[in-house]
Amino acid sequence: MTLPAIIEAQNLIMAGDIAGAEHALVSIADTQGDRALVRALDDLPSKDLLAVIREYDASRESVINLLVTPEQFAQAVVLERRYGDQTHEQLRGMINSVIFREGADPAEFLYEIGEVDGGYDALADYLLDRAPMVEHFYKYATFDLHEYGDSRTEAREDDLMNLDRDTEGLASPLDMANLEDHDWMQVTHILRNELPEIFREVLMKLRARYRAYLAKMQQEELEESGGVAEDDGHEPLRKEEDKDDDDEESAL
């Protein structure tokens with residue numbers, strides 16, 4: 001049965017009053033307890049839940065962000081693309097504030113996101129600006145780019161299809177200090193070492209997007225210089241949404 005507070009919150013969200021909607025939802029916890037709010041959130045449409053939780057991050061805590069379950073959060077976070085945020089800043093802030101909240105298991109949240117249709121894309125959006133370093137970590141088990149080619153750090157075999165929970169890779173002092181940064185490094189480390197199947201799918205999407213990005217930059221440089229791209233006999237890259245995300249060839 002839908003609580004009056006849920007109906008009120010939906011009306012406030014429709015009116016653009018996100019703070020008021022959050023207050024209406026929190027009133028459930030104030031009067032009936034946290035568990036009642038968690039149960040009530042099951043009645044709140046995912047798009048409305050997203051409208052509330054995306055407005056808060058680690059700098060502005062929300063009771064909703066502190067109580068939303070991994071399943072509820074996953075259903076909401078995959079809708080973030082509807083907002084068209086090209087920088088994905090709010091997506092990163094929202095994910096970080098929820099999965100790294102006190103007492104939470106980040107791997108559980110990331111697993112649930114990966115299980116939802118569109119979850120791989122959401123995680124790829126989250127890591128997109130760090131694609132080269134995610135690739136570097138996959139190959140060398142370190143985020144320290146200065147370790148590249150160092151005899152102490154040998155590249156892993158590029159075998160995404162047989163990726164497992166191998167955690168024997170070396171980690172640089174920089175990594176050891178930053179692996180619990182409650183940000184993209186920690187997310188990458190968790191995906192690679194605890195959720196390898198999800199990491200594989202996300203990395204393939206990152207590779208495809210990075211290839212498209214490099215092709216776009218090359219085309220823009222040619223246009224600025226007045227040159228014409230040579231026909232290499234290959235099919236041109238399609239738009240990001242249409243490209244086969246399962247392309248495993250690294251572009252980094």
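Report whether or not ASP144 is free of Cβ contacts under 8 Å to residues at least 60 places away in the same chain and more than 14 Å from the chain's Cα centre (by Cα).
Details: free of Cβ contacts under 8 Å to residues at least 60 places away in the same chain: yes; more than 14 Å from the chain's Cα centre (by Cα): yes.
Here the answer is yes, as ASP144 does meet what is asked.
Taking the stretch 102-144, which residues are charged (D, E, K, R) and at pLDDT 95 or above?
Within the stretch 102-144, ASP105, GLU108, GLU112, GLU115, ASP117, ASP121, ASP125 meet the criteria.
Run GLY20 past the list (1) modelled with pLDDT of 95 or more; (2) surrounded by fewer than 16 Cβ atoms within 10 Å (Cβ to Cβ); (3) assigned to a loop (DSSP other than H, G, I, E, B) and report the number of the one that doesn't hold.
(3)
For the subset of the stretch 88-130 comprising residues that are among the hydroxyl-bearing types (Ser, Thr, Tyr) and within 24 Å of SER62 (Cα to Cα), which member is surrounded by the fewest Cβ atoms within 10 Å (Cβ to Cβ)?
TYR111
Is at least one residue of the stretch 87-100 out of contact with any helix residue (DSSP H, G or I) (no Cβ under 9 Å at 6 or more places or on another chain), at pLDDT 90 or above and closer than 17 Å to ALA51 by Cα?
Within the stretch 87-100, one or more residues are out of contact with any helix residue (DSSP H, G or I) (no Cβ under 9 Å at 6 or more places or on another chain), at pLDDT 90 or above and closer than 17 Å to ALA51 by Cα.
Would you call VAL116 within 26 Å of LEU191 (Cβ to Cβ) and aliphatic (A, V, I, L, M)?
Judged against the criteria, VAL116 is a match.
Filter the stretch 193-252 for residues that are outside the structural domain of HIS136 (by TED's automatic domain parsing) and basic (Lys, Arg); which is modelled with the highest pLDDT?
So, considering only residues that are outside the structural domain of HIS136 (by TED's automatic domain parsing) and basic (Lys, Arg), the one modelled with the highest pLDDT is LYS243.
Please count how many residues of the stretch 62-97 are farther than 16 Å from GLY114 by Cα and of a type in the set (D, E, K, R).
3
The values are calculated or read from the model by the stated rules, or taken from the named source; none is laboratory data. The structure displayed is predicted, hence computed values, not measured ones. Note that we place each Cβ from the backbone using ideal geometry, even for glycine, and neighbour counts take in every protein chain shown.
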